[in-house]
1. Being under 19 Å from GLU198 (Cα atoms), modelled with pLDDT of 95 or more and within 22 Å of the chain's Cα centre (by Cα): is that true of LEU152 here?
2. Taking the residues in segment 548-598 that are small (Gly, Ala, Ser) and part of a helix (DSSP H, G or I) as candidates, determine which candidate is farthest from GLY113 (Cα to Cα).
3. Specify the residue that is nearest to ARG225 (Cα to Cα); the eligible residues are those in segment 154-179 that are assigned to a loop (DSSP other than H, G, I, E, B) and within 15 Å of the ligand (Cβ to nearest atom).
4. Which one is nearest to THR30 (Cα to Cα), of the residues in segment 425-441 that are within 14 Å of the ligand (Cβ to nearest atom) and either of a type in the set (Lys, Arg) or open to solvent by less than 10 Å² (accessible area, probe 1.4 Å) (or both)?
5. Return only the number of the condition from (1) out of contact with any strand residue (DSSP E or B) (no Cβ under 8 Å at 6 or more places or on another chain); (2) loosely packed, with under 14 Cβ neighbours inside 10 Å; (3) hydrophobic (A, V, I, L, M, F, W, C) that LEU493 does not satisfy.
6. Six or more apart or on different chains, Cβ atoms under 8 Å: show the pairs whose first residue is in segment 160-173 and touching a residue at least 40 places away in the same chain (Cβ under 8 Å) and whose second is among the acidic types (Asp, Glu) and surrounded by fewer than 19 Cβ atoms within 10 Å (Cβ to Cβ).
7. Among the residues of segment 395-410 satisfying the criterion of being more than 17 Å from MET361 (Cα to Cα) and of a type in the set (D, E, K, R), which is nearest to the ligand (Cβ to nearest atom)?
8. Scanning segment 50-90 for residues that are in a loop (DSSP other than H, G, I, E, B) and touching a residue at least 40 places away in the same chain (Cβ under 8 Å), which turns out most open to solvent (accessible area, probe 1.4 Å)?
Amino acid sequence: MAIDSAMPSPLGPPACEKDAKALQFIEEMTRNVDSVQERVLREILSRNSETEYLGRFGLGGATDRDSFKAKIPVVTYEDLQPEIRRIASGDRSNILCSHPISEFLTSSGTSAGERKLMPTIQEELDRRQLLYSLLMPVMNLYVPGLDKGKGLYFLFIKAETKTPGGLVARPVLTSYYKSDLFKTRPYDPYNVYTSPNEAILCADSFQSMYTQMLCGLLMREEVLRVGAVFASGLLRAIKFLQLNWQQLAHDIATGSLNPKVTDPAIRECMSKILSPKPDLAELIQKECSGENWDGIITRIWPNTKYLDVIVTGAMAQYIPTLEYYSGGLPMACTMYASSECYFGLNLKPMCKPSEVSYTIMPNMAYFEFLPHDPSAPPLSRDSPPRLVDLVDVEAGKEYELVITTYAGLCRYRVGDILQVTGFHNATPQFRFVRRKNVLLSIDSDKTDESELQKAVESASALLREFNTSVVEYTSYADTKTIPGHYVIYWELLVKEPTNAPAHEVLNRCCLAMEECLNSVYRQSRVADNSIGPLEIRVVKNGTFEELMDYAISRGASINQYKAPRCVNFTPIVELLNSRVVSAHFSPSAPHWTPERRH
Ligand code: AMP
């Protein structure tokens, strides 16, 4: 495709030659969305025509949409589990994909308590890289001068494991940061980070965070944007500063590195960066020692133009706290992606969080949309759902996203509900509405109703010897604390008041609940410290009846009323909090190792 970089982009005047190409690419893709989608499906189906999976449904080498839609079922992760297990245990035959599976990406979505394993192929890295390469050209349209400074981004890798068949299993960002695409990326003045690769690639979260924060402080005046992948991650960094600023200021004053940072690669690289800077240390001391952390981000990094963090979906709960710490800086949600596939980007990244829409890039995968109607009966094999194509979605309507990827997922339900907000050229733009079946989420954890129910059941077994039972419960994601934590409200029936469960017993109930929760939750508690200890708040008898009265007074039907299993409406939370008789916390971290339980 010939690109005339002199041509002004309909999105706005590009900042440089490279940006012009990227913006032109976005234009091409979004204008020709349907033909791109047709080509993507054709490519995927023709290269995978010999796979066991497509063969099973008798596609017979067809690559057109009609045959594909008529023959290939819409599936969930659970449907694919037998195939995924075989790949994990070392079967290298062409099961889902004709290209060799290079690794598994471990999703934060779980199945039976463990991270979902998403098979991926080498070339997907390039596809992800392509989407990343579009982000700055779009941002440069709105924020000039980003080549004059650096980005302070808190980026982390996580533990990886091997499947029984020897494939690496790790989160998608860990895979990306460890790839040469990231490690040996060419210099780009618009994409200079304060964090050295050595810090990002250190698996110890304390040492990594400490070094990244230290570098951010040392280069405070150069920092033009501050970010993390998700809002929760940025708040964790601020909390880290709260807890560690004295040591950080000491290191800056003396030009030495905290002995707790032992990673040789970090020590080597920091020895070149550190030198005594007493004035800077004093400034940090002055800003951080006060009680008031209002606007701390702009006080420490005065040239910050925006925060680069996802605050859509479950992360919206952090917007007020981020506004507080940043003195109201704009928050840019730049992209929408998952382990299964990177989907698209926000073409107006400086818009308000409530107005964020993502434009799906049609070259990333083949996208279909299942009209989302909560009142419709569940899908069955006999009445296949009618899915619509990317160009056929209607403004205002909600859909569940279904993808067919180069790595071999076919008509796979991601579980995200999206609403069409408009179009860029012929390509629809979507607001992220929510992920299905998520009750509680603090970081990337996603706890559903049945997981919570099981956890409550398991914990309440500890109450049996005290002749006590849990009569009602609900939950709340408390994000006022950093890190946030799960709060579970319990109403108890104590049959023998003289034998009521003691404080320690209820503390143990908190831990018993945590032990029951999925591995992403436990990893966040143990390895990432991104979720605080679970809390049980015992409420007065009759509280849940009051809750029901309140709901009925607001129009709920008496016959159909069920206690909500999660609350976030302020008056309800306040009512519950005003009836608390005792609060209990998990006394220790639950069990977690990178190895899967099954
Ligand atoms: P994972 O599989 O762990 O990579 O998580 C991917 C999921 O995170 C997506 O399916 C969404 O539910 C959520 N997610 C990713 N990007 C965004 C975004 N920009 N806004 C809201 N939710 C997002």
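The values are calculated or read from the model by the stated rules, or taken from the named source; none is laboratory data. Note that the structure is predicted; figures quoted are calculated from it, not measured. Cβ atoms come from the backbone with ideal geometry, glycine included; neighbour counts cover every protein chain shown. Ligands, DNA and RNA are excluded from the accessible area calculation, which covers all protein heavy atoms including side chains. Shrake-Rupley method; radii C 1.70, N 1.55, O 1.52, S 1.80 Å.
1. On the way: under 19 Å from GLU198 (Cα atoms): yes; modelled with pLDDT of 95 or more: yes; within 22 Å of the chain's Cα centre (by Cα): yes.
The answer is yes for LEU152.
2. Step one: list which residues in segment 548-598 are small (Gly, Ala, Ser), which gives 551, 553, 555-557, 563, 578, 582-583, 586, 588-589.
Now drop any that are not part of a helix (DSSP H, G or I), which leaves 551, 553, 578.
Values: ALA551: 32, SER553: 38, SER578: 33 Å.
Filtering first and then ranking leaves SER553.
3. Taking segment 154-179 first, the residues assigned to a loop (DSSP other than H, G, I, E, B) are 155-160, 163-167, 171, 178-179.
Narrowing the set further to residues that are within 15 Å of the ligand (Cβ to nearest atom) leaves 155-160, 171.
Values: LEU155: 14, PHE156: 17, ILE157: 21, LYS158: 24, ALA159: 28, GLU160: 30, PRO171: 25 Å.
It comes out as LEU155.
4. Among those that are within 14 Å of the ligand (Cβ to nearest atom) and either of a type in the set (Lys, Arg) or open to solvent by less than 10 Å² (accessible area, probe 1.4 Å) (or both), it is PHE430.
5. Result: LEU493 passes all but (1).
6. THR161/GLU595; GLY165/ASP91; VAL168/GLU160; ALA169/GLU160; ARG170/GLU160
7. GLU398
8. Here is the first cut: in segment 50-90, the residues in a loop (DSSP other than H, G, I, E, B) are 50-51, 57-64, 72-74, 76, 89-90.
Checking the rest, the ones that are also touching a residue at least 40 places away in the same chain (Cβ under 8 Å) come to 50-51, 72-74, 76, 89-90.
Values: GLU50: 151, THR51: 4, ILE72: 5, PRO73: 23, VAL74: 27, THR76: 45, SER89: 76, GLY90: 29 Å².
By that ranking, first place goes to GLU50.
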